[in-house]
Amino acid sequence: MIDPAALALNADCYCWPVTRELIIKQILQQNASPHMEALLSDRPHYFASTTIFLAKNVLEQMSRQVHAIETVVRSPKYIEMVRRRGACSKDWPHQSQTDGAFMGYDFHITDNGPRLIEINSNAGGAFIVNMIEQAVRGSSPKASLGLLDMFQSEWKKAGRIAPLQTIAIVDGDPQAQYHYPDMCLAKTMLESQGLKVVIVDPKDLSFGNGRLRYENTAIDLVYNRLTDFDLSEKDNALIRQAYENDAAVVTPAPHHHALYADKRNLILLSDPASLKELGASQGDIDILKAIPKTVAVTPDRNLEMWEKRRKLFFKPQAGFGSRGAFRGAKLTKKVWADILKGGYIAQDLISPPVRAVTIDGNRAALKFDVRVYTYDGHPLLYAARIYQGQTTNLRTAGGGLAAVVTIDTPSCYSFDKETEGDLRTN
């Protein structure tokens, strides 16, 4: 259980407003791009106008769930299960000791604690979140160092002895991506450590003499921002070749997505009987009961699932960024027919909590989830995504990415629903 005052604080308190100008100032100070101000102007809802409050025990419960999942995922029986499923089976043992940069665990916070709803293998936005944290809460050197150390760790875990020198941040048409400012911040932060960093489209890479290259620069490590998770698309063939030939360290790599972020994994992770068969400890099985029950959508369950659809949330097993995801109550017969064709999972619906916000002088309640950015099972950053609609987005007035403020004991704080401002201690 969690202190209900924490949820009440988010739902009822119009406190701790955050001005957009404050965050923009913090980002511009990094000199990450001469066009940064214009880039942020084109993204008016990139960051939220407030923060999210969480009790310390909620953060601890999320960490325990992450640790339990990591323990299961690293077990030989689990890995073999993923191999048998056919997902990236030929990718082992390519760089199998790496952990994958920027794993993202997404939670809804409920009266009974945090409930994991999704795992992502290339969670974007961490560098923007780091700036929001610094703007709202002051300097965060620990988080910054964690972000930088992650790449050095991946390099060493891949068996490299020579120093890491060059990194390519890779995405399709990167300047057109919504998270391009985040990539620019990543580049600047990594360059501050003496590394050479480029942001490139995979079509601009070449492969020769056993090395992946950008122009005349040999690439040591690829920070993979692509949503072609198995690198099967034609434009990404050279990255795939470098990965399979160990010519560059690729992180996150296809096997990271297969092991963690394929949504079929939630079917197993939410099933105590399957976890027991894999040899999971009873302690980890009990912790993972917090994951909403997840099942495959199959034609033979057509009538059963349609009848209970209002209590379910449907997601494509290889989806990302909420694309193709549907709340059951919003389904039409046409969409349901498409879902039944295959490739979907159904998850017990866990309603998101709400945050009280002020938008252009008007008060409103927006939904939010909490993302834990991790590396090697350890939290790097906590962030909230505040939104309106069926799924998370960065298109909601007053919404966007937000800092998480930890409250020691929520019930020892008081607030006035009618007055904006900082919290008061009792």
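The values are calculated or read from the model by the stated rules, or taken from the named source; none is laboratory data. All values reported here derive from a predicted model rather than from experimental measurement. Glycine gets a Cβ as well: all are built from the backbone with ideal geometry, and neighbour counts include every protein chain shown. Surface areas here come from the heavy atoms of the whole protein model, side chains and all, with no ligands, DNA or RNA. Shrake-Rupley method; radii C 1.70, N 1.55, O 1.52, S 1.80 Å.
Annotations
- Yes/no for K142 being modelled with pLDDT of 95 or more and closer than 30 Å to C184 by Cβ: no
- When T227 is tested against the conditions (1) closer than 20 Å to P174 by Cβ; (2) of a type outside the set (D, E); (3) at pLDDT 95 or above, the lone failure is (3).
- For region 197-227, the set of residues classified as hydroxyl-bearing (S, T, Y) and under 15 Å from T251 (Cα atoms) consists of Y223, T227, listed by residue number.
- Residue in region 243-256 that is among the β-branched types (V, I, T), part of a loop (DSSP other than H, G, I, E, B) and either farther than 30 Å from K196 by Cβ or out of contact with any strand residue (DSSP E or B) (no Cβ under 6 Å at 6 or more places or on another chain) (or both) present: no
- Looking at region 263-381, the strands (runs of 3 or more DSSP E) lying wholly inside it that each contain 2 or more residues that are modelled with pLDDT of 90 or more and within 28 Å of Y78 (Cβ to Cβ) sit at 294-296, 312-316, 344-348, 362-375.
- Count of residues meeting criterion [at pLDDT 55 or above, in a loop (DSSP other than H, G, I, E, B) and either closer than 17 Å to D106 by Cβ or not acidic (D, E) (or both)] in region 385-426: 13
Yes or no, residue by residue, for (1) open to solvent by 30 Å² or more (accessible area, probe 1.4 Å); (2) modelled with pLDDT of 90 or more; (3) of a type in the set (S, T, N, Q):
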residue: V58; (1), (2), (3): no, yes, no
residue: S63; (1), (2), (3): yes, yes, yes
residue: A68; (1), (2), (3): no, yes, no
residue: S75; (1), (2), (3): no, yes, yes
residue: I79; (1), (2), (3): yes, yes, no
residue: D99; (1), (2), (3): no, yes, no
residue: G104; (1), (2), (3): no, yes, no
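- Residues (of a type in the set (V, I, T), farther than 30 Å from Q29 by Cβ and in a helix (DSSP H, G or I)) located in region 188-242: I239
- In region 8-25, the residues that are open to solvent by less than 30 Å² (accessible area, probe 1.4 Å) and either touching a strand residue (DSSP E or B) at 6+ places or on another chain (Cβ under 8 Å) or assigned to a helix (DSSP H, G or I) (or both): L9, N10, C13, V18, I23
- Checking each residue in region 31-56 for being open to solvent by less than 60 Å² (accessible area, probe 1.4 Å) and part of a loop (DSSP other than H, G, I, E, B) picks out A32, S33, R43, H45, Y46, A48, S49, T50, T51.
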